[in-house]
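Read through the structure below, which is laid out as structure tokens, and then see the notes.
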Amino acid sequence: MSKNSVLRRATKILYGRYVEGCCFKSGHQILQTFKGHTQWPNSVKVLMGLSLSVSCLLSLISLVISVVSDHGNIRIHHHDYCVLGAGPAGLQMGYFLSQSQRDYIILERNSGPGSFFQKYPRHRKLISINKIYTGRQNKEFNLRHDWNSLLSHRPDLLLQRFSQDLYPDADVFPRYLSVFEKELGLQVKYKTDIGSIRAMQFAGSGHKGYILTDQHGVDYKCRVLLVATGLWIPEEVKFVGSNLVEGYESISTDPEEYKNQAVLILGKGNSAFETAQNILGRASRIHLYSPSPVRLAWQTHYVGDLRAVNNELLDTYQLKSLDGLVEGGLEDIAVVCGKTMGKRTGKKMLGRTSVKKEQLYLTLSELLDSHNVNQGTNITAENLPGYHDDNFSLRQPYDRVIRCLGFRFNFSIFNVSARPPRSSVARGRMPAVTAWYEGRGTPNLFILGTSAHSRDYRVSAGGFIHGFRYTVRAVHKVLEQRYHNNTWPAIKLQTSHLLSWILKRVNEASGPYQMFGVLGDIVLLQGAHCEYLEEFPVQALPHFSALSGRHISEQGLLVVIMQYGLNHTDTLGSGRAESEWTKAWRSNFLHPVIYYYSTLPTERDMRQRPAGWPLPRPDAVHHIIEDFLTEWDQPVSHSQPLRRFLEHCLQTDLRAFYAESCFQLSLTNLKPPVFCRQGYLNKGGIVGNSHLWQHAREAGLKLDHHKSNLPSNDGSFSKYLSLAGGAVTSTINSDL
């Protein structure tokens with residue numbers, strides 16, 4: 001129905017109802033009044049009736065104008081923030097916007113959240129860990145081993161409330177997201193399919209915003225657009241016979257339909273191996289074909305590579321039970337029906353029964369005698385090894401060929417004025433983003449979740465829930481600073497407590513642990529104090545002040561991150577780990593690394609950083625030795641080397657002392673160590689024996705013998721402070 005027809009219909013209905021319900025009713029009341037005042041002249045009655053008619057007409061015109069105005073508002077909705085997609089990334093951002101009381105709307109094309117997981121993975125087992133028993137009560141630490149839950153202030157809104165399985169059923173996840181959305185009261189509008197996104201300029205301010213148009217022609221004007229649509233369009237490669245190939249998105253998941261069939265799967269990722277594993281006990285043989293060899297997640301430390309939960313076919317391949325892996329290019333192959341193969345398929349296979357469905361062969365397109373094939377292609381034996389030999393690996397026919405090549409971002413809904421460019425990684429399947437996840441060339445448009453994985457593709461966990469829940473939180477902090485002038489949250493610490501706080505973070509924090517090499521803690525050094533910022537995108541350091549609202553002092557800054565070693569070793573070999581703390585820089589497994597910079601790195605520094613390094617060369621760097629238990633809390637191997645590094649960077653003594661040592665140092669030194677100045681001389685410190693405890697209480701320095709003397713809102717902080725300080729040095733020995 002057109003806009004004019006809607007308005008005509010609304011005006012007609014309103015006119016009838018208004019005149020009948022208002023004018024006629026008022027007229028009736030006036031007539032009743034006339035009956036009681038028969039002495040009034042007829043002219044007065046006529047004037048009063050005319051006045052009533054004019055009044056009704058003016059009211060009606062006002063009402064119609066109001067309807068037109070309301071109609072316009074219905075067709076255009078205004079919001080500060082539009083979040084596109086109600087998957088895990090969209091709901092996570094919705095939570096943070098809701099907590100900061102911002103004007104936002106989440107737009108979802110389906111009828112519920114997490115629609116991708118209602119279909120994928122096709123064989124209904126998630127490969128994200130749901131480890132609910134860690135032996136710890138620390139919620140932050142436990143998130144290191146919960147790869148499915150979103151972040152919130154509610155300790156009960158975790159996936160373990162819905163499943164106790166280590167690898168949960170995929171049907172559980174949309175139910176979890178639905179409860180997350182409802183119980184937190186997030187603003188989501190379902191069944192809103194955005195088909196067009198274009199940029200616009202807000203009048204007067206010059207601010208670039210975006211207009212989103214849905215399937216009903218309703219527009220949503222947003223000052224900031226947050227795209228969390230994920231990767232959901234199946235990736236396809238065009239080649240001769242690609243129309244004969246079935247897609248992962250539409251194949252049958254019933255293993256019985258593959259009974260005694262030969263199956264060729266294009267791809268070697270988790271979807272390919274998941275499909276192969278499902279039919280492993282029914283298919284006669286399964287071959288996986290792709291350009292690259294299989295990459296195992298436990299070798300590469302990249303969670304997107306092949307996971308052990310899906311790799312049973314590797315056994316049947318290496319133990320020679322008819323299944324196998326083959327490498328070769330996809331663009332130059334051809335999949336053809338058997339009748340077109342000529343001499344190559346002329347031999348009749350002994351003992352092979354005929355089937356009704358035509359069988360398929362894989363070959364090279366240039367070998368086909370067809371005018372539709374480009375004869376100018378440059379094919380060598382390396383494209384498909386052994387194609388010219390009679391022992392060509394894939395010479396036997398297949399009953400089915402299945403495409404399992406992953407997914408890509410939907411660029412088609414973006415107008416050219418709003419479309420982010422394709423990334424240079426992952427074959428351009430994802431948009432290119434800045435280090436703070438803003439689309440390149442699209443100001444005020446941010447990419448969230450799996451779609452933003454181009455930033456750390458094959459490097460970290462930003463394409464997965466346990467990674468992007470933290471990058472979404474980082475983006476929200478950027479939004480708060482840029483649009484609301486709220487600086488990046490920071491904890492102000494005394495310098496004497498810095499060692500203990502770093503140890504606490506590397507032993508508990510989940511964000512840097514999951515987003516290793518991408519998110520790190522920033523320590524702004526300011527003499528006797530420092531500011532500690534958590535989970536900043538470290539490759540955005542050249543823009544630190546603009547993104548955080550905080551400034552670097554002349555004392556410089558520290559960056560605390562987690563990273564794997566650069567030495568590629570046998571991950572299960574005898575020399576896979578380093579145990580000597582003096583050789584911590586040779587650590588191979590995940591371990592903390594602290595970088596010190598006297599000034600902020602520049603964009604040029606970032607571009608010229610050494611290969612494999614997350615950051616440019618610093619003024620000083622310290623590796624904490626890898627630990628089998630991932631517990632960096634030992635005095636000799638972990639805390640003491642870190643203390644000496646911090647002392648070098650800060651040019652101050654960070655040793656912890658008992659009260660008697662501080663007493664002696666205060667009497668014999670003009671400038672006692674910082675621990676004594678900020679602790680003992682400030683009515684704090686670690687009292688070393690019962691006599692001094694008693695003296696402290698009598699002097700009023702200690703209110704309670706049993707209370708901790710360490711300032712902290714978290715009881716676990718005391719553990720790290722006493723461990724890092726008192727356990728390392730408890731006397732006045734200045735040689736330590």
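May I ask you to list the residues in the range 530-545 that are open to solvent by 10 Å² or more (accessible area, probe 1.4 Å) and touching an Asp or Glu at 6+ places or on another chain (Cβ under 8 Å)? Please lay out each step first, then the result.
Looking only at the range 530-545, we keep the residues that are open to solvent by 10 Å² or more (accessible area, probe 1.4 Å), and these are 531, 534, 539, 542-543, 545.
Those that are open to solvent by 10 Å² or more (accessible area, probe 1.4 Å) and touching an Asp or Glu at 6+ places or on another chain (Cβ under 8 Å): E534, P542.
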Subset of the range 531-548, residues closer than 17 Å to I491 by Cα and not in a helix (DSSP H, G or I), comes to E531, Y532, L533, E534, E535, F536
Identify, by number, the condition in (1) surrounded by 14 or more Cβ atoms within 10 Å (Cβ to Cβ); (2) of a type outside the set (D, E, K, R); (3) outside any loop (DSSP other than H, G, I, E, B) that W613 doesn't meet. (3)
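Would you check which residues across the range 583-610 are touching a residue at least 60 places away in the same chain (Cβ under 8 Å), outside any loop (DSSP other than H, G, I, E, B) and open to solvent by 60 Å² or more (accessible area, probe 1.4 Å) and list them? Before the answer, list the steps.
Just the residues of the range 583-610 that are touching a residue at least 60 places away in the same chain (Cβ under 8 Å), to begin with: 590, 592, 594, 601-603, 605-606.
Now drop any that are not outside any loop (DSSP other than H, G, I, E, B), which leaves 592, 594, 603, 605-606.
E603, D605, listed by residue number.
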Kindly indicate the residue of the range 384-398 that is at pLDDT 85 or above and buried (at least 18 other Cβ atoms within 10 Å of the Cβ) and also farthest from I279 (Cα to Cα) among those meeting that condition. S393
Look through the range 522-567, keep the residues that are among the hydroxyl-bearing types (S, T, Y) and without any contact (Cβ under 8 Å) to a residue 60 or more places away in the chain, and return whichever of them is farthest from Y437 (Cα to Cα). S553
Give the number of residues within the range 272-300 that are touching a residue at least 24 places away in the same chain (Cβ under 8 Å) and open to solvent by less than 20 Å² (accessible area, probe 1.4 Å). 10
Set D214, D169, D254: member being exposed (fewer than 14 other Cβ atoms within 10 Å of the Cβ), in contact with a strand residue (DSSP E or B) (Cβ under 7 Å, 6 or more places away or on another chain) and not hydrophobic (A, V, I, L, M, F, W, C): D169
In the range 99-141, the residues that are in a helix (DSSP H, G or I) and under 18 Å from the mean Cα position of the chain (by Cα): S115, F116, F117, E140
Among the candidates L107, L126, which residue alone is at pLDDT 95 or above, open to solvent by less than 30 Å² (accessible area, probe 1.4 Å) and more than 30 Å from F273 (Cα to Cα)? L107
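Condition first: open to solvent by 40 Å² or more (accessible area, probe 1.4 Å) and touching a His at 6+ places or on another chain (Cβ under 9 Å). Now tell me which residues in the range 546-582 satisfy that.
Of the residues in the range 546-582, the ones open to solvent by 40 Å² or more (accessible area, probe 1.4 Å) are 546, 550-552, 554-555, 564, 566-570, 572, 574-577, 579-582.
Correct list: Y564, W581.
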Kindly state which strands (runs of 3 or more DSSP E) lie completely within the range 413-529 and contain at least 3 residues that are open to solvent by 10 Å² or more (accessible area, probe 1.4 Å). 491-494
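So that you can scan it fast, the table gives a plain yes or no per residue for (1) open to solvent by less than 30 Å² (accessible area, probe 1.4 Å); (2) closer than 27 Å to M93 by Cβ; (3) at pLDDT below 95:
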residue	(1), (2), (3)
Q201	no, yes, yes
Y220	yes, yes, no
L226	yes, yes, no
G230	yes, yes, no
N243	no, no, yes
E246	no, no, no
Pairs, first in contact (Cβ under 8 Å) with a residue 12 or more places away in the chain and surrounded by fewer than 18 Cβ atoms within 10 Å (Cβ to Cβ) in the range 314-328, second in a strand (DSSP E or B) and polar (S, T, N, Q), C-beta under 8 Å, six or more apart: E327/S290
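The values are calculated or read from the model by the stated rules, or taken from the named source; none is laboratory data. Keep in mind that this is a model prediction, so the values were computed, not measured. Note that each Cβ is placed from the backbone with ideal geometry, even for glycine, and that neighbours are counted across all protein chains shown. Accessible surface areas use protein heavy atoms only, side chains included; no ligands, DNA or RNA. Shrake-Rupley method; radii C 1.70, N 1.55, O 1.52, S 1.80 Å.
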